[in-house]
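Single-structure report; data block below.
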């Protein structure tokens with residue numbers, strides 16, 4: 001009898017040992033330990049050299065590093081700000097790098113009507129509320145972009161566009177997606193030539209330029225319907241060009257179209273060519289109906305694209321696994337990438353839902369995953385006391401330089417005569433990217449304000465005469481005048497402080 005009992009104990013002990021070993025393997029494979037990296041399904045990074053050895057995750061390296069940040073959030077849309085909120089609430093020193101499109105795509109939309117608990121709210125307002133909430137808990141939002149990352153070492157090395165280097169203990173990638181263009185799928189003459197001069201992707205930004213004019217919206221999803229309905233407040237007529245036989249928009253969005261008699265929908269139709277004149281203005285589009293196999297020319301002044309997005313994942317592809325479309329692939333039902341300590345949330349990793357609410361939830365999950373990751377590897381009150389003296393200090397600059405306001409042609413002529421070099425930002429109150437350009441201008445002007453003049457034109461205040469004189473068709477724009485003549489213009493283009501400073505310094509040197 002004793003022999004039987006001994007054998008049973010031996011078998012039971014072996015089973016428990018195997019079960020424990022299995023649990024450890026699964027735990028490591030999920031990326032919850034510095035000991036391994038799970039290979040997600042999808043494309044393999046071109047150089048999969050990210051961390052994979054336990055010794056590389058030695059906490060002593062963090063103690064020896066400078067410019068440490070326990071949680072870095074890259075991106076400031078719903079996913080990024082939600083991650084920042086939960087990271088800061090967990091008492092993590094949390095930095096958010098806004099990127100060149102602060103607030104992401106939500107700032108370019110109109111009203112959000114499907115946010116839980118909120119009947120109707122402007123996208124930009126929703127972003128502003130979420131940002132303030134995150135900042136209230138201690139998150140720091142920085143007007144800078146991450147230009148390069150190195151996930152082959154830990155703490156992770158991040159470099160910003162402004163030239164800063166910092167070491168992150170954990171990272172949430174929430175860089176979102178950028179609009180897809182016609183040329184991405186079919187060569188369309190005129191798209192590149194008239195970009196920002198009649199061709200755009202943001203009705204909220206550029207609709208005021210098309211008062212009383214005819215425009216087309218390309219696309220059949222929710223975004224296209226939203227663009228079309230918003231444009232009716234300005235345009236004489238709006239034609240939606242849908243490539244397929246039906247709209248893909250949600251039923252509620254499709255029902256809304258019936259409320260706008262200005263909108264007409266053409267199905268099975270795509271743009272063959274965008275036509276313009278010598279003044280760089282769109283005058284028409286040549287369209288083709290695939291069902292009728294006929295082409296025709298529509299006289300229009302504006303082309304608004306709403307045909308999907310590409311994920312902003314390029315700088316991460318060397319380190320994290322992505323699918324063939326560039327979306328970062330995640331492991332299991334969490335926000336883990338194949339690199340332990342690096343997480344992703346929002347449209348950069350979501351190719352299915354693409355909703356602000358889903359992105360926000362993903363951001364929350366990513367922050368919780370990051371907190372669990374740090375705690376599991378020695379991040380506690382004692383550890384914080386040892387490293388906080390080496391935290392990265394962003395030193396937010398006080399943008400006190402006041403840009404001169406140009407409200408009329410007379411204002412411009414007077415200011416242009418005062419200085420041989422005049423730099424003018426063209427923006428609008430509703431444009432988030434414009435605010436970023438203004439901050440950049442203020443920072444550069446604080447250093448070069450005695451050598452050049454810096455001013456701003458706001459569409460909300462300026463005269464139509466001024467808008468027509470400079471053929472303004474999109475925001476933000478940057479106009480550079482040398483001796484009262486337009487020397488250069490940059491439409492829908494943003495600059496880092498370093499880029500703008502270098503450019504203006506060169507202009508001063510050449511003067």
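The values are calculated or read from the model by the stated rules, or taken from the named source; none is laboratory data. Not measured: the values here are computed from a predicted model. Using ideal geometry, Cβ is built from the backbone for each residue, glycine included, and neighbour counts are taken over all protein chains shown.
For the stretch 314-336, give me each residue that is surrounded by 23 or more Cβ atoms within 10 Å (Cβ to Cβ), in a loop (DSSP other than H, G, I, E, B) and under 19 Å from the mean Cα position of the chain (by Cα). Once the filter is applied, which keeps residues that are surrounded by 23 or more Cβ atoms within 10 Å (Cβ to Cβ), in a loop (DSSP other than H, G, I, E, B) and under 19 Å from the mean Cα position of the chain (by Cα), the stretch 314-336 yields 320, 335. Only strands (runs of 3 or more DSSP E) whose full extent lies in the stretch 258-313 are considered here, and the ones with at least 1 residues that are surrounded by 16 or more Cβ atoms within 10 Å (Cβ to Cβ) and free of Cβ contacts under 8 Å to residues at least 60 places away in the same chain are 263-266, 269-276, 282-289. Name the one entry in 460, 491 that is in contact with a strand residue (DSSP E or B) (Cβ under 6 Å, 6 or more places away or on another chain), closer than 24 Å to residue 207 by Cα and surrounded by fewer than 20 Cβ atoms within 10 Å (Cβ to Cβ). After applying the criteria, what remains is 491.
Given the criterion touching a helix residue (DSSP H, G or I) at 6+ places or on another chain (Cβ under 6 Å), surrounded by 17 or more Cβ atoms within 10 Å (Cβ to Cβ), in the same structural domain as residue 237 (by TED's automatic domain parsing) and farther than 21 Å from residue 318 by Cα, identify the matching residue among 207, 196.
207
Here is the figure for the stretch 74-123: residues that are more than 10 Å from the chain's Cα centre (by Cα), part of a strand (DSSP E or B) and in contact (Cβ under 8 Å) with a residue 24 or more places away in the chain total 6. When you scan the stretch 133-145, do you find a residue that is on the phi > 0 side of the Ramachandran plot and in contact with a strand residue (DSSP E or B) (Cβ under 9 Å, 6 or more places away or on another chain), even just one? Yes, the stretch 133-145 contains a residue that is on the phi > 0 side of the Ramachandran plot and in contact with a strand residue (DSSP E or B) (Cβ under 9 Å, 6 or more places away or on another chain).
Any residue that is closer than 22 Å to residue 477 by Cβ, at pLDDT 95 or above and over 29 Å from the mean Cα position of the chain (by Cα) - is there at least one of those in the stretch 215-230? No, the stretch 215-230 contains no residue that is closer than 22 Å to residue 477 by Cβ, at pLDDT 95 or above and over 29 Å from the mean Cα position of the chain (by Cα). Among the residues of the stretch 353-372, is there at least one that is outside any helix (DSSP H, G or I), without any contact (Cβ under 8 Å) to a residue 60 or more places away in the chain, in contact with a strand residue (DSSP E or B) (Cβ under 6 Å, 6 or more places away or on another chain) and farther than 22 Å from residue 102 by Cβ? No, the stretch 353-372 has no match at all. When residue 163 is tested against (1) part of a loop (DSSP other than H, G, I, E, B); (2) closer than 23 Å to residue 349 by Cα, exactly one condition is not met: (2). Number of residues in the stretch 171-193 that are buried (at least 24 other Cβ atoms within 10 Å of the Cβ) and either assigned to a helix (DSSP H, G or I) or at pLDDT below 95 (or both) equals 0. Evaluated against (1) at pLDDT 95 or above; (2) more than 30 Å from residue 251 (Cβ to Cβ); (3) surrounded by fewer than 16 Cβ atoms within 10 Å (Cβ to Cβ), residue 129 falls short on exactly one condition, (2). If you go through the stretch 253-288 and keep only what is touching a helix residue (DSSP H, G or I) at 6+ places or on another chain (Cβ under 9 Å) and under 15 Å from residue 225 (Cα atoms), you end up with 253, 254, 256, 257, 259, 260, 262, 263, 265.
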